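Student: Submitted below is the structure of interest, expressed as structure tokens.
The values are calculated or read from the model by the stated rules, or taken from the named source; none is laboratory data. None of the values given here were measured: they were computed from a predicted structure. All Cβ positions, even for glycine, are placed from backbone atoms using ideal geometry, and neighbour counts span all protein chains on display. Surface areas here come from the heavy atoms of the whole protein model, side chains and all, with no ligands, DNA or RNA. Shrake-Rupley method; radii C 1.70, N 1.55, O 1.52, S 1.80 Å.
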Amino acid sequence: MILQLNQQPNIEDLRHHGPEAVEKLRRLLAYGAPAKPDPCRSDFFELEDGNKVFYIHISPVNGKVLLLATWLKDEEAAR
């Protein structure tokens, strides 16, 4: 699925990933990016950007985006 938000989101960086990660996430959400819903948690997603993954929660109440984690995607494991 492609995840795209219609308005500029309020992003809270809970684990201090830095302003570059927050800005990259903001752009991804504005333009749309491949995402996988978390099968165990409602409103949680893995958002992909090349070899990087952002794990986020989007509040169904106010639309706030919580940046919970980032990691590099293991290309070998993905195959």
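Student: What share of Cα pairs, in percent, lie more than 20 angstrom apart in the chain? Numbers along the way, then the final one.
Tutor: Numbers: 754 of 3081 pairs.
Tail fraction, whole percent: 24.
Student: With all protein chains present, how much of the accessible area of the chain (probe radius 1.4 Å) comes from carbon and sulfur, to the nearest whole percent? Before the final figure, lay out the partial values.
Tutor: On the way: 2620 of 5260 Å².
Taking all protein chains in place, the chain shows 50 percent carbon and sulfur surface.
Student: In Å and on Cα atoms, what radius of gyration and Dmax does the stretch 34-74 show?
Tutor: Expressed in Å, the Cα Rg and Dmax of the stretch 34-74 come to 10.3, 34.
Student: Right, something else. Pairing the Cα long axis of helix 19-31 with the longest principal axis of the chain, what angle in degrees results, from 0 to 90 and rounded to the nearest 10?
Tutor: That works out to roughly 80 degrees.
Student: Taking 7 Å along the Cα-to-C-beta vector as the label spot, tell me the I2-Y55 distance in nanometres, rounded to one decimal.
Tutor: The two pseudo-label positions are separated by 2.7 nm.
Student: Pulled fully out, how much extra length does the chain show between V22 and L68, if you take 0.36 nm times their separation in residues and subtract their Cα-Cα distance? Mind dumping the intermediate values first?
Tutor: On the way: separation 46, 0.36 × 46 = 16.56 nm, distance 1.09 nm.
Contour length minus Cα-Cα distance gives 15.5 nm.
Student: Sticking with this one: As a test, work out the antiparallel percent of DSSP beta bridges whose residues both lie in the chain, rounded to the nearest 5.
Tutor: Working: 18 of 21 bridges.
Antiparallel bridges make up about 85 percent of those DSSP assigns within the chain.
Student: Where only protein heavy atoms count, and the probe is 1.4 Å, what is the accessible area per residue for the chain in Å²? Show your work: numbers first, answer last.
Tutor: Values: 5260 Å² over 79 residues.
Accessible surface, normalised per residue, equals 67 Å².
Student: With only Lys, Arg, Asp and Glu charged, each at its Cβ (+1 for the first two, -1 for the last two), find how big the charge dipole of the chain is about the Cα centre; round to the nearest 20 debye. Walk me through the numbers on the way to the answer.
Tutor: Values: 10 positive and 12 negative charges, 32 e Å.
Using only the charged Cβ atoms, the result is roughly 160 debye.
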